[in-house]
Amino acid sequence: MDQKQRMLAGLPYKAWLDGLPEEHQACKRKLFELNTMEPDDQPAGIPKLLGELFGGVGERPWLEPPFHCDYGSNITVGDDFYANFNLTILDVGKVTIGSHAFIAPNVSIYTAGHPVHPESRNSGYEYGIPVTIGNNVWLGGNTVVLPGITIGDNVVIGAGSVVTKDIPSNVIAAGNPCRVIRQITAEDRNYYFKHRKFDVTDF
């Protein structure tokens, strides 16, 4: 088993061996192209480049540059993926994001980590544990998702949260550490912000 296989299996691996630096460098070139793209070229160029960069994309992917990741090929997103400015995904492990994702500015999704003990850490070994995010999930601004986390469907994560444990479907969760605040109910459909009701019917 080479170091890339170890990385994708969630085992300790060394990031400077077995072609990983070359893959990382190739990703950097694509990111440079994406992050410096002329605004008039973005409507066609960004979805095309995401299709080349990511391991899998659904229909109508979009993000607002700048964007940063390690490899790109370990990221899969569903239909109508949308990420605002400054998304960072450390994708040394697999990152799977469902359809209709809303990702606010300055969100970070980390699969990468290092051993706690300094001698183990200084050996150069690191690890990547997959992250899975369901359908219809909204990650508020400055949210951090840590390695190994699963977030269910129809979840809202409040701004500034640090997600350290799995979050079940159909809830609002927030905080550091992030915890469930309440269930999302049918009544929530009538409101667009806190106690403000929709004054339109086409939603």
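The values are calculated or read from the model by the stated rules, or taken from the named source; none is laboratory data. All of these numbers come straight from a predicted model, not from anything done at the bench. Using ideal geometry, Cβ is built from the backbone for each residue, glycine included, and neighbour counts are taken over all protein chains shown.
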(Q) Return the residues of region 135-161 that are farther than 12 Å from Ser108 by Cα and buried (at least 22 other Cβ atoms within 10 Å of the Cβ); say none if nothing qualifies. (A) Val137, Ile151, Val155, Ile157
Q. Could we say that Gly124 is more than 14 Å from the chain's Cα centre (by Cα) and at pLDDT 95 or above here?
A. yes
Q: Filter region 63-121 for residues that are closer than 15 Å to Gly51 by Cβ, surrounded by fewer than 17 Cβ atoms within 10 Å (Cβ to Cβ) and of a type outside the set (D, E, K, R) and give the result.
A: none
**Q.** Filtered residues of region 24-62 (kept if surrounded by fewer than 16 Cβ atoms within 10 Å (Cβ to Cβ) and under 21 Å from Gly10 (Cβ atoms))
**A.** Gly55, Gly56
Q. Do we have Leu20 as at pLDDT 95 or above, surrounded by 13 or more Cβ atoms within 10 Å (Cβ to Cβ) and touching a strand residue (DSSP E or B) at 6+ places or on another chain (Cβ under 9 Å) here?
A. yes
Q) in a loop (DSSP other than H, G, I, E, B), touching a residue at least 60 places away in the same chain (Cβ under 8 Å) and under 19 Å from Thr164 (Cβ atoms): does that describe Val116? A) no
